[in-house]
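Asker: Handing you this structure, nothing more for now.
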Amino acid sequence: MENQNKIKNLYYRNTFGRGNAIKLLFLSFCSMFVSYPRMLIEVFTRKDFGERYFSLSTAIILTLILAALPMGISQMSDSWSGSELATESYSYDETFGNVVEQAQNIEPETQDGIMPDYITWYLYLVAFLGFCIKHYRDNLRAPSVFDFGRFSLSSGIIHPIIRNLKIGEFSPNIRFIECYLEPAIFFVAGLLLALIGQTLGWLLMVCSFFYSMSYISAYIGGDNFILDKIDEIICNEELENAFVNDVNADETKGFQFRGSKPNGAEMRRKIMPFMTEEIVTEASSPTVPTAPKNTSDGTAVTDISGQK
């Protein structure tokens, strides 16, 4: 059994590590919302999704909602404007100088139907559902997550064509691909579709925007996590110099203690142990079973470690 000691800097966590509840709530809401726009894109560009990351039932529900959306919009538009537009026309009798006829002309509303603008919309949904079923079948054949075979929340592996794509002499890394390149491909495709009057184009542009924002936010969160750990390590190393010895910030890697301090160095040194907390974790190796120990009368006995 090994003891692994970690030092938690209470001063750093109380002074610099305060969380913003409103920001966390906003990020949680965005994280829940952007999963659907991301799914509409990443099923075409990735494979080998984690079991808990990809859900076929969610894909089916999303497909049904998007399939019914154009018809719902059309019915709402009809209910607001009515099926017929009535206009009144008047004819003026120049001889008698008064209105002699008032007629009502009924002009039927011209309806071109929803299909011309939504042909690519429904074709995209068919392709989307087909790829989702393929990913679901692939997950059934993948190693079990309960056997530590793979990460259950994996967002998938980027397609080699996109991963190996070069922009001139520039070879983008994974961060650039996820934050900019993947969504840019669908944004450009959506822009072209919107220019020829296909509503799918607007959907792809909106999804690509949220796709990019979600990964940018994820990478920023990862950066901040690592920086928090680095700053806490620096705070542990320089706390005595900054708090006890009154060393300037240019000699403590920029860290300085903010707050009133006792005048004497000895009193500060007495406070120092209460500004950090040592966390001891025990890492034990698996117990190897041994053969039962028999007594002289042939009965098995169990020792204090639980082995027979």
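The values are calculated or read from the model by the stated rules, or taken from the named source; none is laboratory data. All values reported here derive from a predicted model rather than from experimental measurement. Heads up, the Cβs are rebuilt from the backbone with ideal geometry, glycines too, and the neighbour counts pull from every protein chain shown. Note: areas computed on protein heavy atoms with side chains; ligands, DNA, RNA excluded. Shrake-Rupley method; radii C 1.70, N 1.55, O 1.52, S 1.80 Å.
Asker: Using the Cβ atoms and a cut-off under 14 Å, what net charge is assigned to the surroundings of Gly156, where Lys and Arg are +1 and Asp and Glu are -1?
Answerer: Details: positive: Arg38, Arg46, Lys47, Arg52, Lys134, Arg150, Arg163; negative: Glu42, Asp48, Glu51, Asp138, Glu178, Glu182.
Residues near Gly156 contribute +1 overall.
Asker: Given the whole protein assembly as supplied and a 1.4 Å probe, what does the accessible area of His135 come to in Å², nearest 10?
Answerer: Accessible area of His135: about 10 Å².
Asker: Quick one: how many Å² of Leu192 are accessible to a 1.4 Å probe, rounded to 10?
Answerer: Approximately 100 Å² for this residue.
Asker: Starting from the amide H of Gly50, placed 1.01 Å from N in the peptide plane, find each other amide H under 5 Å away whose residue is 5 or more places distant or on another chain.
Answerer: Ser154, Ser155, Gly156
Asker: With a 1.4 Å probe and every protein chain left in place, tell me how much accessible area Phe16 has, in Å² to the nearest 10.
Answerer: Approximately 100 Å² for this residue.
Asker: For a 30 Å ceiling on Cα separation, which of these pairs sit above it: Lys47/Lys229; Lys47/Lys166; Lys166/Lys229? Walk me through the intermediate numbers first.
Answerer: Values: Lys47/Lys229 32 Å; Lys47/Lys166 21 Å; Lys166/Lys229 34 Å.
Violating the 30 Å Cα-Cα cut-off are Lys47/Lys229; Lys166/Lys229.
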